[in-house]
């Protein structure tokens, strides 16, 4: 769960670096804000940590996270990913050539991440393991597409 939080924060920082100069994006204003959001999103997992429940799922190891915390963190992640989707769309309009192709891959990967988060949220709320597995597949697909954008 912490790595999912890290992905959202990293993408927002990537937007800051693309929009502003890296020196400005790494200033305490931007970096500090993202650090506070990351700590806020991650803090609850040290209090209400996911519990492995093999009795309910004899063939699949699943974790149970308290529902209010799951909803809060997933909505915060969706807001961060949604912000990056909008920003990547705006940046794509301003750029050309190789940079435009890279940012387009970031945009597509971000959209897949948001869809995965929606599936993860619904799977967690309604306790549907198959939906959560689909969400993990979408996360992996989104990560591969984002990596393609970085390594183009």
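Bear in mind that the values in this text are calculations on the coordinates, not laboratory data. The structure presented is a predicted model; accordingly, all values stated were derived computationally and were not measured.
How big, on average over all directions, is the shadow cast by the Cα convex hull of the chain, in nm²? Value for the chain: 9.4 nm².
What does the C-alpha gyration tensor say about the overall shape of segment 61-103? Classify as rounded when a/c is under 1.5, otherwise prolate if a/b is larger than b/c, or oblate.
Working: a/c = 9.28, a/b = 2.82, b/c = 3.29.
Here segment 61-103 falls in the oblate category.
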